[in-house]
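Peer 1: Pasting in a structure now, in structure tokens, and then I'll have a few things to ask.
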Amino acid sequence: EDKVVQSPLSLVVHEGDTVTLNCSYEVTNFRSLLWYKQEKKAPTFLFMLTSSGIEKKSGRLSSILDKKELSSILNITATQTGDSAIYLCAAVRGGGNKLTFGTGTQLKVEL
Amino acid sequence: DTAVSQTPKYLVTQMGNDKSIKCEQNLGHDTMYWYKQDSKKFLKIMFSYNNKELIINETVPNRFSPKSPDKAHLNLHINSLELGDSAVYFCASSQGTPGLNYGYTFGSGTRLTVV
């Protein structure tokens, strides 16, 4: 069965800190890994990673995939209170439509 | 305009009742999904329909029955509700194959509480 594990489960930081969230996966015929941010309601799409070693960047957020280590990291620099959310990663296997989600990392950014 | 909309947003009901949740997407996507998010925030797929055809049916009690009257709608009917069914149910849609071109677009969720 496909499996995705995220760490840490929760994290509290101060504004301005840099955080790194981890995601590891065991997926048959892996195709890609996706990151989502979930605040109060629907998860919103952040990144899709398919190629190893290529960084995706959007403002203060960046992410990279390591296919050798079967893992990905999501970095957030100069954190703000608005970054407080649950960050979910999900893996997709080839030939399928199903996303297998990790349990998420709850990030809280304090003043 | 809301891309993926679910109704109702909140649903409180007694054990043993039958209830339905509706989902509509106006994105022109071919594939729609139901996911369940438990109290620990773990999101797990339940069903997926591609152009009205069931393509994913995970291990879900047969009290749960999805129905897709057309590719823009996917409803979820739950019979004989149990306390363990309490969760947030998310509808989602995708165009093409997720993980190849794009991810999902999620609805805002339906919080179901069974008392």
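Peer 1: Across the stretch A:62-76, what is the total count of residues that are over 9 Å from the mean Cα position of the chain (by Cα) and under 19 Å from residue A:106 (Cβ atoms)?
Peer 2: Qualifying residue count for the region: 1.
Peer 1: Sticking with this structure for a sec: How about the stretch B:3-24: which of its residues are acidic (Asp, Glu) and either assigned to a loop (DSSP other than H, G, I, E, B) or open to solvent by 100 Å² or more (accessible area, probe 1.4 Å) (or both)?
Peer 2: B:18, the sole residue that qualifies.
Peer 1: Moving on. Can you tell which of B:111, B:63 is surrounded by fewer than 21 Cβ atoms within 10 Å (Cβ to Cβ), within 14 Å of chain A (Cβ to nearest Cβ) and either in contact (Cβ under 8 Å) with a residue 24 or more places away in the chain or over 29 Å from residue A:10 (Cβ atoms) (or both)?
Peer 2: None of the others qualify; the one that does is B:111.
Peer 1: A further question on this structure: Please report, ordered by residue number, the strands (runs of 3 or more DSSP E) entirely within the stretch A:14-111 with at least 2 residues that are touching a residue at least 12 places away in the same chain (Cβ under 8 Å) and under 19 Å from residue B:42 (Cβ atoms).
Peer 2: Ranges flagged: A:19-26, A:30-38, A:43-49, A:71-76, A:85-93, A:99-101, A:105-110.
Peer 1: So in the stretch A:42-56, with the set limited to residues that are more than 8 Å from chain B (Cβ to nearest Cβ) and hydrophobic (A, V, I, L, M, F, W, C), which one is farthest from residue A:101 (Cα to Cα)?
Peer 2: Among those that are more than 8 Å from chain B (Cβ to nearest Cβ) and hydrophobic (A, V, I, L, M, F, W, C), it is A:54.
Peer 1: If I filter the stretch A:45-71 down to residues being closer than 25 Å to residue A:94 by Cβ and hydroxyl-bearing (Ser, Thr, Tyr), which single residue comes out as surrounded by the most Cβ atoms within 10 Å (Cβ to Cβ)?
Peer 2: A:63
Peer 1: Looking at (1) at pLDDT 95 or above; (2) in a loop (DSSP other than H, G, I, E, B), which is the one condition that is false for residue A:6?
Peer 2: Unmet condition: (2).
Peer 1: Can we say residue B:93 is surrounded by fewer than 20 Cβ atoms within 10 Å (Cβ to Cβ) and among the polar types (S, T, N, Q)?
Peer 2: So residue B:93 does not fit the description; no.
Peer 1: Looking at the stretch B:76-87, which of its residues are touching a Ser or Thr at 6+ places or on another chain (Cβ under 8 Å) and crowded, with 19+ Cβ neighbours inside 10 Å?
Peer 2: Correct list: B:76, B:78, B:81, B:87.
The values are calculated or read from the model by the stated rules, or taken from the named source; none is laboratory data. What you are looking at is a predicted structure, and each value in this text was computed from that prediction instead of being measured. A quick note on method: Cβ atoms are made from the backbone with ideal geometry, for glycine too, and the neighbour counts reach across all protein chains shown. Calculation scope for accessible area: heavy atoms of the full protein, side chains included, ligands and nucleic acids excluded. Shrake-Rupley method; radii C 1.70, N 1.55, O 1.52, S 1.80 Å.
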